[in-house]
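Report on the structure given below.
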Amino acid sequence: MIDHIQFGTAKITDIEGVLALQEIYLVSNMTEEEKTAGFVTTPFSVEQLQEVIRQEGLFVAKENGRIIAYIFAASWQYFSQWAIFNHMTPMLPELTFKDFKMTDSNTFQYGPICIDKKYRGKGLINPFFDFMRIHLWEKFLVGITFINKTNIPSQKAHIEKLKWSVIGDFQFNNNSYFILAYDMSQSSLILI
């Protein structure tokens with residue numbers, strides 16, 4: 001099923017497709033039952049998408065020209081416009097992952113990732129993640145992300161399929177999150 005899917009760094013012309021996919025899977029737009037299949041929590045505006053595209057921090061997967069998945073992967077500076085990321089950044093030096101000394105300049109914030117439900121479980125996540133990883137591994141040693149503890153599908157995808165490491169947790173706005181890290185020199189494709 002994924003043979004015909006193309007990966008790319010997002011262009012301004014991709015904004016409409018990213019927003020359409022975001023609209024479907026944004027947690028505030030979903031029923032409780034729909035949330036059990038996974039969700040994204042951060043809504044992005046057109047202006048925020050334009051900026052992350054300028055920074056080459058948005059990746060898209062397309063089939064027949066239609067966006068079926070996206071990955072955000074940008075600097076902590078870009079993500080500092082949201083309070084939760086400012087809450088996380090001071091934690092970086094205290095977190096332990098392999099032998100890395102993590103800072104807000106040698107790590108980046110990975111996510112959200114959103115995959116259309118018709119393409120989940122079809123082997124898309126590993127090659128898509130690796131496409132993003134190859135574009136960023138010379139700039140950043142480690143990817144950092146957080147996952148809402150209620151988002152079990154995202155936990156399984158990242159911990160079991162991609163082999164991210166849980167390195168901590170935190171509370172923010174009455175929600176509990178895991179903090180995960182990934183060694184950007186490690187291909188996710190050899191893990192399949």
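For D130, state whether it is acidic (D, E) and within 23 Å of F79 (Cα to Cα). Yes, satisfied. Screening I67 against (1) open to solvent by 20 Å² or more (accessible area, probe 1.4 Å); (2) within 16 Å of the chain's Cα centre (by Cα) leaves a single unmet condition, (1). Contact map, the stretch 55-69: first residue farther than 17 Å from I12 by Cβ, second residue of a type in the set (S, T, N, Q) and modelled with pLDDT of 95 or more, Cβ cut-off under 8 Å, separation 6 or more or different chains; pairs are A61/Q6; E63/Q6.
Only one of the numbered conditions (1) surrounded by 18 or more Cβ atoms within 10 Å (Cβ to Cβ); (2) closer than 20 Å to I147 by Cβ; (3) touching a residue at least 40 places away in the same chain (Cβ under 8 Å) is violated by W82, and that is (1).
Could you please let me know if F129 is touching a Ser or Thr at 6+ places or on another chain (Cβ under 7 Å), within 19 Å of L58 (Cα to Cα), open to solvent by less than 40 Å² (accessible area, probe 1.4 Å) and assigned to a helix (DSSP H, G or I)? It is true that F129 is touching a Ser or Thr at 6+ places or on another chain (Cβ under 7 Å), within 19 Å of L58 (Cα to Cα), open to solvent by less than 40 Å² (accessible area, probe 1.4 Å) and assigned to a helix (DSSP H, G or I). Out of all the residues in the stretch 102-158, which are without any contact (Cβ under 8 Å) to a residue 24 or more places away in the chain and of a type in the set (A, V, I, L, M, F, W, C)? If the condition is that a residue be without any contact (Cβ under 8 Å) to a residue 24 or more places away in the chain and of a type in the set (A, V, I, L, M, F, W, C), then I134 is the only one that fits. Looking at the stretch 58-75, is at least one residue among the acidic types (D, E) and farther than 24 Å from S165 by Cα? Yes - at least one qualifying residue is present in the stretch 58-75. Residues being in a loop (DSSP other than H, G, I, E, B), closer than 19 Å to F128 by Cα and either open to solvent by 20 Å² or more (accessible area, probe 1.4 Å) or out of contact with any helix residue (DSSP H, G or I) (no Cβ under 6 Å at 6 or more places or on another chain) (or both): count how many of those fall in the stretch 8-54. The number of residues fulfilling the criteria is 2.
Per this entry, D99 is not counted among residues that are among the charged types (D, E, K, R), modelled with pLDDT under 95 and surrounded by 17 or more Cβ atoms within 10 Å (Cβ to Cβ).
The values are calculated or read from the model by the stated rules, or taken from the named source; none is laboratory data. Just so it is clear, the model here is predicted, and its values are computed rather than measured. When we count neighbours, we look across all protein chains shown, and the Cβ atoms used for this are built from the backbone with ideal geometry, even at glycine. Surface accessibility is based on the protein's heavy atoms, side chains included, excluding ligands, DNA and RNA. Shrake-Rupley method; radii C 1.70, N 1.55, O 1.52, S 1.80 Å.
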